[in-house]
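Asks: Take a look at this one; I'll ask things after.
The values are calculated or read from the model by the stated rules, or taken from the named source; none is laboratory data. Bear in mind that the values here come from a model prediction, so they are computed numbers and not experimental data. Glycine also receives a Cβ, built like all others from the backbone with ideal geometry; neighbour counts cover every protein chain displayed.
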Amino acid sequence: MKAEMSNYSDAFIALPGGYGTLEELFEVISWAQLDIHNKPIRLLNVDGYYNSLLSFIDKVLQEGFINPAERQIIISSSNAKELIENLEEYSHSMNKLQQN
């Protein structure tokens with residue numbers, strides 16, 4: 001079911017949530033890491049909700065468990081306007097890559 005839903009999506013956006021949200025977030029991150037998709041993954045980091053998670057991911061990176069290039073899989077935005085602007089930039093850059 002999740003794979004089916006991901007086929008119809010253009011991006012993955014995680015809002016503040018619990019275990020289910022985190023499980024789905026890490027699943028799509030893993031899929032990106034494994035080149036199953038190349039869709040943008042964004043966190044809506046309202047009031048710093050995901051700051052601790054992002055710090056943990058940075059620690060995992062520093063410890064050598066994540067490739068530095070893979071840290072860029074997740075991009076955090078503090079508000080919806082910034083998140084939408086980021087997705088629009090991503091869309092424009094992907095269009096340029098596809099045209100070349």
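Asks: I need the full set of residues from segment 16-49 which are at pLDDT 95 or above, within 19 Å of E88 (Cβ to Cβ) and either β-branched (V, I, T) or exposed (fewer than 13 other Cβ atoms within 10 Å of the Cβ) (or both), in order please.
Replies: Of everything in segment 16-49, just one residue is at pLDDT 95 or above, within 19 Å of E88 (Cβ to Cβ) and either β-branched (V, I, T) or exposed (fewer than 13 other Cβ atoms within 10 Å of the Cβ) (or both), namely I41.
Asks: Where the second residue is of a type in the set (S, T, Y) and the first is without any contact (Cβ under 8 Å) to a residue 60 or more places away in the chain and lies in segment 7-32, which pairs have Cβ atoms under 7 Å and are six or more apart or on separate chains?
Replies: Filtered contacts from segment 7-32: A14/T21; P16/Y49; V28/S6.
Asks: Out of all the residues in segment 6-62, which are over 21 Å from L87 (Cβ atoms) and among the acidic types (D, E)?
Replies: E23, D58
Let's see how each residue does on (1) farther than 12 Å from S76 by Cα; (2) of a type outside the set (F, W, Y):
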residue: G18; (1), (2): yes, yes
residue: L22; (1), (2): yes, yes
residue: W31; (1), (2): yes, no
residue: L34; (1), (2): yes, yes
residue: P40; (1), (2): no, yes
residue: L43; (1), (2): no, yes
residue: V46; (1), (2): no, yes
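Asks: Quick one: count up the residues across segment 30-83 that are more than 13 Å from the chain's Cα centre (by Cα) and either at positive phi or not aliphatic (A, V, I, L, M) (or both).
Replies: 20
Asks: Would you pick out the residues in segment 50-83 that are part of a helix (DSSP H, G or I), modelled with pLDDT under 95 and surrounded by 11 or more Cβ atoms within 10 Å (Cβ to Cβ)?
Replies: If the condition is that a residue be part of a helix (DSSP H, G or I), modelled with pLDDT under 95 and surrounded by 11 or more Cβ atoms within 10 Å (Cβ to Cβ), then E70, R71, I73 are the ones that fit.
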